[in-house]
1. Suppose the chain between H80 and K142 were pulled fully straight at 0.36 nm per residue; how much longer would it get relative to their current alpha carbon spacing?
2. Highest mean first, what order results for 150-163, 123-136 on Cβ atoms within 10 Å?
3. Students often forget the sequence filter, so: which lysines lie under 20 Å Cα-Cα from K126 once same-chain residues fewer than 8 apart are removed?
4. Provide Rg and Dmax in Å for segment 92-212, with only Cα atoms included in the calculation.
5. Determine, for each peptide in 199-205, 115-121, 36-42, the mean count of other beta carbons within 10 angstrom over its residues, then list the peptides with the highest first.
6. Taking Cα centroids, how far is segment 29-44 from segment 60-92 in Å?
7. With a 1.4 Å probe and every protein chain left in place, work out the accessible area per residue of segment 32-207 in Å², rounded to a whole number.
8. Can you give the extra length, in nm with one decimal, that the chain gains between T172 and Q135 once fully stretched, where that is 0.36 nm per residue apart less the Cα-Cα distance?
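The values are calculated or read from the model by the stated rules, or taken from the named source; none is laboratory data. Just so we're clear, the structure is a prediction, and the values are computed from it rather than from any experiment. For neighbour counting, all protein chains shown are included, and Cβ atoms are generated from backbone atoms with ideal geometry for every residue, glycine included. Heavy atoms of the whole protein, side chains included, go into the accessibility calculation; ligands, DNA and RNA do not. Shrake-Rupley method; radii C 1.70, N 1.55, O 1.52, S 1.80 Å.
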Amino acid sequence: MASRLHHFLLLAALLLLIGGASSAGDAGNGKVRMELYYEFLCPDSFQFMVDSLARVFKDGLLDAADLTLVPYGNAKVDAHGAITCQHGPEECLLNTVEACAIDAWPDVNVHFGFIICVEELAMEYKHQEWQSCFQKQGLHPKPVMECYESEHGHKLSLKYGRQTDALVPRHTSVPWVVVDGKPLYDDFGDFVAYICKAYKGRPPKICQHKEPGRDYPTVQQAAEPGNRVGYNSGDVVLNDGVDDRTKMARADDN
């Protein structure tokens, strides 16, 4: 009897172990992490997002990659917490709008659609019409409007600023694409090849259209040895205790 109980307990433990491993695998999905650091009014940024990223997004990018967008770019924060953007106050505004969209709709399928809609307007020099993207995407404007008009939107931008400034190695341009922990530098246009090379699971649709015999580069070849991306300050968290005196730089301050 004791022997049977012992075998039963061993079998139960084994099944739990297998189930736990399976759950962990499902959680990770074996997907390759991709991060895009960008700024709203940078031509290279919105052209990459609209002409390259959006196209492969429709072709199943998320089958192979976990995509994170970081709207901040080359902005700077002064000693009082005011943010100044490379392309002026309008860029600061729209960076914050996109940060609020990510916060309001964490599902990348949702916020990416809204952000690409706004980026397409930027390409057409119609970014002042960005609010039209709520209706185009079938989204309620309230959470984003309340966010960017409040201190919460500013805190989100500060959070993305800390995340960008903590990159190791530091970004030297935008867009700045990181795949599987490695910056792609000027080779960001080939991000799909790097994702497919790093992806260890069954090749998804997006990885099944390689040129025959093409020798895709490894992720390690994208950067100098040892240049794996890290963060100086650990996990970046939203600090609701940011001094209320920190305000977004406005047009009349410039």
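1. Values: separation 62, 0.36 × 62 = 22.32 nm, distance 2.86 nm.
Between H80 and K142, full extension yields an extra 19.5 nm.
2. Working: 150-163: 20.0, 123-136: 13.6.
Output ranking for 150-163, 123-136: 150-163, 123-136.
3. Straight-line reach from K126, under 20 Å: K136.
4. Rg and Dmax of segment 92-212, Cα atoms, are 16.9, 53 Å.
5. Details: 199-205: 12.9, 115-121: 22.0, 36-42: 23.7.
So the peptides 199-205, 115-121, 36-42, ranked by packing, come out 36-42, 115-121, 199-205.
6. Taking the Cα centre of each part, segment 29-44 and segment 60-92 sit 10 Å apart.
7. Working: 7340 Å² over 176 residues.
Heavy-atom accessible area per residue stands at 42 Å².
8. Numbers: separation 37, 0.36 × 37 = 13.32 nm, distance 3.61 nm.
Full-extension gain reported as 9.7 nm.
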